[in-house]
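Please treat every number below as a calculation from the coordinates, not as lab data. Note that this is a predicted model, so its numbers are computed, not measured. Here the Cβ positions follow ideal geometry from the backbone for every residue, glycine too, while neighbour counts run over all protein chains shown.
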Amino acid sequence: MARLAVVTDSTADIPPELLAELDIHVVPLTVRIDNAVFEDRVTITPTEFMRLLADAHDFPSTSQPPVGRFEELYRRLAEDHDAIVSIHLSSRLSGTYQSALLARDSLNGRLPIAVLDSRSASMGLGFPVLRAARAAREGRSLDDVVALAHRAFGATSALFMLDTLEYLRRGGRIGRAAEVVGSILQLKPILRLEEGLVVPFARTRTLPRATAGLIDAVRDFPVIDRLAILHTTDPGPGEAIAGALADRCPRERMIFSQFSPVLAAHLGPGAVGVIVYEGDDVVPRERRV
């Protein structure tokens, strides 16, 4: 049976036990804070990063993996696999996808490598990666796995509530939300990912109202197959969201995780994310929110 390897990057926020279970290979991005450079989730954990961020003198910065990091992994996987599907953070937020493309081209066709742009982040990337990995484990062909990943892109939506937009603004990742920065920096904004860009969804003045707004937005989905709930510093609001949505998605179908240091560098303290996966039976469409 042909063996197909699944590769992603550290911003997928997939829990370690699922990475191990499904044999998913992860290439880390890097984060710099106060002149120290770390590999995302390799040489620094999310908790350690948030501790450093609290005392940092400067805003952190991030960068995509070098092409050589992808080349090294692809060459190693080529020794005992027949194909690779490599699924990554939105190309409109990072150069990670471009690094993977350059690495693929450097192998000169040694084996088929499909490099996919998720147009998302965190578990908005993670859910399609999990779908691809399960299909690969079933022995599906490269074409089938790619098609299933694309289907999962259209069934996945990501919403975030932030304590401040300052980290997104300074990192240049705010997209059209830049139009409203001046008026909502002191508010508790709810954002969404739309075709790979961060855009505004709602404006709220308090954390309880932001939490309620996020819950209401998720309840608008007619189908919820799985949920992922993530945070940077405080799991409390995420637990409240999980409890409020238990009638729509049982806890055993929820994934709880912490944003990777690279994503946390742009989201800042107090961020919470909810990613909705509507399931395999959803007809491919534009993302609902």
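For D9, the residues whose amide H sits under 5 Å from its own are V27, L89, ignoring neighbours fewer than 5 places away on the same chain, with H placed 1.01 Å from N. Its Cα gyration tensor gives the stretch 156-277 an equivalent ellipsoid; the semi-axes, largest first and in whole Å, are 23, 14, 14. Axis angle, to the nearest 10 degrees, between helix 123-137 and the longest C-alpha principal axis of the chain: 30 degrees. Counting other Cβ atoms within 10 Å as a rough exposure proxy, the listed residues V7, V146 run V146, V7 from fewest neighbours to most.
Can you sort R170, R226, R76 from fewest to most other Cβ atoms within 10 Å of each residue's own Cβ?
Working: R170 16, R226 19, R76 12.
The fewest-first ordering by Cβ neighbours comes to R76, R170, R226.
The calculated FRET efficiency for F256 paired with R209, based on their beta-carbon distance and R0 = 22 Å, is about 0.45. Each residue of the stretch 215-227 was assigned a 3J(HN,Hα) from its phi angle through the Karplus curve 6.51 cos²θ - 1.76 cosθ + 1.60 (θ = phi - 60°); the sequence is 4, 4, 4, 5, 4, 6, 6, x, 10, 10, 7, 8, 10 Hz, with glycine and proline shown as x.
Computed from backbone phi, the HN-Hα couplings of the stretch 162-167 come to 10, 6, 7, 8, 4, 5 Hz, rounded to whole numbers (Karplus: 6.51 cos²θ - 1.76 cosθ + 1.60, θ = phi - 60°; Gly and Pro given as x).
Against the globular-protein guess of 2.2 N^0.38 Å, express the Cα radius of gyration of the chain as a ratio, rounded to two decimals.
The value comes to 0.96.
Using the Cβ-Cβ distance between E138 and A78 with R0 set to 30 Å, the FRET efficiency works out to roughly 0.90.
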